[in-house]
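Input: a single structure, listed below in structure tokens.
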Amino acid sequence: MKIIRLPHAMSRWSDRLRREGVTIGLVPTMGALHDGHRALIKAARLQCDALVVSIFVNPTQFSPNEDLSRYPRPIAKDRALCRGEGVDVCFEPDAGAMYPEGFQTIVTVPVVAQHWEGASRPHHFAGVATVVTKLFSIVRPHVTLFGQKDFQQAALIRRLIRDLNLGIDLIVPDTIREPDGLAMSSRNIYLTPFQRRAAPTFHQALLIGRTAVETGLRDSRSIEQRMRHVIGREPTMSVDYLAICDPETLEPLTRIERRAVILGAVRIGSVRLLDNMMVAVKPRR
Ligand code: AMP
């Protein structure tokens, strides 16, 4: 496995392979890789000949009050995971290479970014859209994979690829969870043992929401109340947002007629957990 740090060296590698007709896949990450990332990498391995995993803790998607400086960076472990999964290149640029002096271009996808994570974390999605556009320009992949765990982010990347005619195939694999249902995340290591025991309540609340839809409830407010009730029983947990939305536009729905996505973020102490659940109305027999 090659480790490439400089954007121009990365592009040179990709250009050479592209000329040879090789299909290139890209899995963008911020490192601290876990089994959720591993599943993306495994899925990507099946979709391309040459696989690039980027590891870059992107400063522009963090707000000043967020965890940029303490974000975990276990690079040796990350490389070992990539090597074990047959990754061809770990692209590990530093912030100076990605944002050299004078850098000023910002990519925004304003409508997809306006609610939910975008409302809770101003500038977050502009940071994501800009860095991903740069990664696409540098690596020039044919196919890229983003996890459904970050549902709004995947929707934003889909829009970005379409709007800018990037011609990249986007694959969005399911969320990988711990056995107790907690969605895997690099930030779960911040949870104290006590908080960790409480954390699966979030997933349980989403499951209650799904069951409510499957058993015939259509009114979003009632479904939301049921989920909030479950979360409310866990004193350490508070809801940041919980919303039942159209899976394409991410606009809130007052009634569920067909398909919807339940998007949510909760806080336990200083840790913010993000999760979602697809729901579908069962056809009447
Ligand atoms: P991150 O390193 O958190 O920026 O995540 C990199 C990619 O891994 C993103 O596309 C995430 O959506 C995806 N990802 C993170 N956690 C999971 C998970 N539990 N299951 C599947 N994909 C995930």
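Annotations
- Sorting the segments 183-191, 49-57 by their mean number of nearby beta carbons within 10 angstrom, highest to lowest, gives 49-57, 183-191.
- Spacing of the two label points (7 Å from each Cα toward its C-beta) at Val111 and His8, in nm: 4.0 nm
- Summing Cβ point charges (Lys, Arg +1; Asp, Glu -1) relative to the Cα centre of segment 186-280 gives a dipole of roughly 340 debye.
- Candidates per GluC sites (Glu not before Pro) in segment 173-255, loop by DSSP, up to 12 other Cβ within 10 Å: Glu248
- If only the Cβ of Lys and Arg carry +1 and only the Cβ of Asp and Glu carry -1, the dipole of segment 65-216 around its Cα centre is close to 180 debye.
- Top positive-direction residue, dipole computed over the chain with Cβ charges, set Ile138, Ala97, Ala50: Ala50
- Simple rule: put +1 on each Lys or Arg Cβ and -1 on each Asp or Glu Cβ in segment 186-280, find the dipole, and look at Gln225, Ile262, Met278; the Cα lying farthest toward the positive end is Gln225.
- Computed log₁₀ I(q)/I(0) - Debye formula, equal Cα scatterers, no solvent, segment 82-121, q 0.18, 0.21, 0.33 Å⁻¹: -0.82, -0.81, -1.06
- Packing-based order for 150-156, 16-22, using average beta carbon neighbours within 10 Å, highest first: 150-156, 16-22
- Among the lysines of the chain, pairs that are 8 or more positions apart or on different chains and have alpha carbons within less than 30 Å of each other number 11.
- The stretch between Asn65 and Ala119 holds 17.9 nm of extra length on full extension. This uses 0.36 nm per residue minus the Cα-Cα distance.
- Comparing Cα centroids, segment 70-95 and segment 134-202 end up 17 angstrom apart.
- In sequence order, segment 27-43 has phi-based couplings of 10, x, 9, 10, x, 6, 5, 10, 5, x, 4, 4, 5, 5, 5, 4, 5 Hz under the Karplus curve 6.51 cos²θ - 1.76 cosθ + 1.60, θ = phi - 60°, and Gly or Pro positions carry x.
- The chain - share of DSSP beta bridges that are antiparallel (%, nearest 5): 55 percent
- Stretching Arg159 away from Val281 to a fully extended chain increases their span by 41.3 nm, per 0.36 nm per residue minus the current alpha-carbon distance.
- Its alpha carbons considered, the chain gives a radius of gyration followed by a Dmax of 19.4, 63 Å.
- Listed peptides 63-69, 157-163 appear in the order 157-163, 63-69 once ranked by packing, highest mean of other Cβ atoms within 10 Å at the front.
Readers should treat all values here as calculations from the given coordinates under stated rules, not as data from a laboratory. On a predicted model such as this, the values are computed, not experimentally measured, just so you know. Cβ atoms come from the backbone with ideal geometry, glycine included; neighbour counts cover every protein chain shown.
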